[in-house]
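The values are calculated or read from the model by the stated rules, or taken from the named source; none is laboratory data. Keep in mind that this is a model prediction, so the values were computed, not measured. All Cβ positions, even for glycine, are placed from backbone atoms using ideal geometry, and neighbour counts span all protein chains on display.
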Ligand SMILES: *Cc1c(COP(=O)(O)O)cnc(C)c1O
């Protein structure tokens with residue numbers, strides 16, 4: 001059976017090399033006589049896996065020594081609650097920037113726990129841009145400022161880390177994790193659900209500056225207490241062993257096959273350019289995001305004709321370009337072109353779009 005080009009926003013395509021490696025290890029992981037799915041999370045084999053995954057994460061992201069790297073569960077969505085519970089612990093105030101549905105969900109959840117304000121929003125133009133902010137846009141005494149770095153549904157991304165003065169910045173980088181270098185030292189917390197760019201579903205990685213730990217509210221569920229997780233080296237309870245193992249293989253692929261995050265970024269820029277250049281020249285398709293804020297990972301586009309869009313999605317699917325339907329709240333199309341999407345996948349998609357445009361002009 002041939003593999004399709006899978007443009008799913010998540011769970012999403014993984015590097016073929018990683019899948020092959022996992023398949024080869026499936027019945028007998030390195031002479032253990034077991035699959036990683038079957039082994040104890042306290043075994044030497046798994047201990048090596050999680051330690052290596054952490055070391056690679058630190059190396060690739062250049063994580064400063066005073067940050068913890070945690071492997072957690074509950075999806076990015078569980079962090080929407082864990083973040084206020086752990087970090088809204090001084091004045092009980094936090095400012096959120098609303099750049100789409102994921103930021104909004106985090107904002108709504110945080111409102112249960114304190115004085116939470118939307119300091120900026122791009123809702124006025126259906127989240128097609130990143131609002132410009134300056135430090136004075138945020139309240140002086142907030143415990144943190146929260147952003148969603150890459151907006152999976154709307155296809156926008158921060159091109160640089162916003163200046164929040166000396167406030168603590170917390171970012172959801174779920175859909176752009178490890179797609180380019182990121183200066184972790186500018187953040188108090190960076191976290192990501194792994195199923196977009198890093199691994200199968202079931203894993204969240206949180207990178208947290210150590211001085212922020214240890215002040216969780218008393219009511220914080222123990223599983224959501226980052227200090228408890230940090231003190232237990234992410235092994236407070238049974239972690240998602242298999243997903244952490246695949247994460248390790250993906251990190252090895254980024255390091256050894258791609259050559260690190262600078263190279264990953266170059267590759268992602270080249271890939272996205274192929275699609276955006278075509279969208280800018282097409283008379284049928286157009287991108288929905290202002291050019292300066294376009295994501296390298298999620299590319300929404302429209303025709304502006306429901307019937308023609310349906311026809312496009314159907315024919316694309318038949319031709320092996322799958323999961324191109326836009327998010328249910330936005331409509332149109334969206335191509336998620338994460339790290340693991342090969343350049344040929346985007347080239348062939350553009351060829352297909354050109355042929356569709358000619359045939360339906
Ligand atoms: C997918 C996504 C989420 C939600 O992730 P879950 O793991 O399903 O909770 C949150 N934030 C962003 C930016 C996402 O892309």
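Things to note:
- Residue 253 at negative phi, under 18 Å from the mean Cα position of the chain (by Cα) and crowded, with 17+ Cβ neighbours inside 10 Å: yes
- Which numbered condition residue 136 misses (of (1) over 16 Å from the mean Cα position of the chain (by Cα); (2) surrounded by fewer than 17 Cβ atoms within 10 Å (Cβ to Cβ); (3) within 16 Å of the ligand (Cβ to nearest atom)): (3)
- Test: residue 101 is within 16 Å of the ligand (Cβ to nearest atom) and either under 25 Å from residue 323 (Cα atoms) or free of Cβ contacts under 8 Å to residues at least 12 places away in the same chain (or both): yes
- Answer residue from segment 63-73, given it is touching a strand residue (DSSP E or B) at 6+ places or on another chain (Cβ under 7 Å) and part of a loop (DSSP other than H, G, I, E, B) and is surrounded by the fewest Cβ atoms within 10 Å (Cβ to Cβ) among those: 66
- Residue 96 within 16 Å of the ligand (Cβ to nearest atom) and either modelled with pLDDT of 95 or more or in contact with a strand residue (DSSP E or B) (Cβ under 9 Å, 6 or more places away or on another chain) (or both): yes
- Some residue of segment 231-243 being closer than 21 Å to residue 170 by Cα, in contact with a strand residue (DSSP E or B) (Cβ under 9 Å, 6 or more places away or on another chain), at pLDDT 95 or above and assigned to a helix (DSSP H, G or I): no
- Segment 270-289 - residue that is loosely packed, with under 13 Cβ neighbours inside 10 Å and either closer than 16 Å to residue 178 by Cα or touching a residue at least 24 places away in the same chain (Cβ under 8 Å) (or both) and, of those, nearest to the chain's Cα centre (by Cα): 270
- Some residue of segment 200-213 being within 12 Å of the ligand (Cβ to nearest atom), more than 27 Å from residue 287 (Cβ to Cβ) and part of a strand (DSSP E or B): yes
- Residue within segment 54-62 that is away from the ligand (no atom under 16 Å from the Cβ) and not in a helix (DSSP H, G or I) present: yes
- Any hit, segment 15-29, residues being closer than 17 Å to residue 176 by Cα and within 20 Å of the chain's Cα centre (by Cα): yes
- Inter-residue pairs, beta-carbon under 8 Å, first at positive phi and modelled with pLDDT under 95 and in segment 59-84, second in a helix (DSSP H, G or I) and more than 16 Å from the ligand (Cβ to nearest atom), 6+ apart: none
- For segment 74-92, filtered to residues that are assigned to a loop (DSSP other than H, G, I, E, B) and more than 15 Å from the ligand (Cβ to nearest atom), the residue that is nearest to residue 242 (Cα to Cα) is 88.
- Looking only at segment 1-24, residues that are part of a loop (DSSP other than H, G, I, E, B) and touching a residue at least 12 places away in the same chain (Cβ under 8 Å) come to 12 in all.
Condition check ((1) within 14 Å of the ligand (Cβ to nearest atom); (2) closer than 27 Å to residue 338 by Cβ; (3) free of Cβ contacts under 8 Å to residues at least 60 places away in the same chain) across all residues:
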{"site": "112", "(1), (2), (3)": "no, no, yes"}
{"site": "115", "(1), (2), (3)": "no, no, yes"}
{"site": "122", "(1), (2), (3)": "no, yes, yes"}
{"site": "143", "(1), (2), (3)": "no, no, yes"}
{"site": "149", "(1), (2), (3)": "yes, yes, yes"}
{"site": "160", "(1), (2), (3)": "no, yes, yes"}
{"site": "164", "(1), (2), (3)": "no, no, yes"}
{"site": "171", "(1), (2), (3)": "yes, yes, yes"}
{"site": "174", "(1), (2), (3)": "yes, yes, no"}
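- Hits in segment 290-304 (condition: outside any strand (DSSP E or B) and either surrounded by 20 or more Cβ atoms within 10 Å (Cβ to Cβ) or at pLDDT 95 or above (or both)): 290, 291, 292, 293, 295, 296, 297, 303
- Taking (1) surrounded by 12 or more Cβ atoms within 10 Å (Cβ to Cβ); (2) closer than 15 Å to residue 249 by Cα in turn, residue 38 satisfies each apart from (2).
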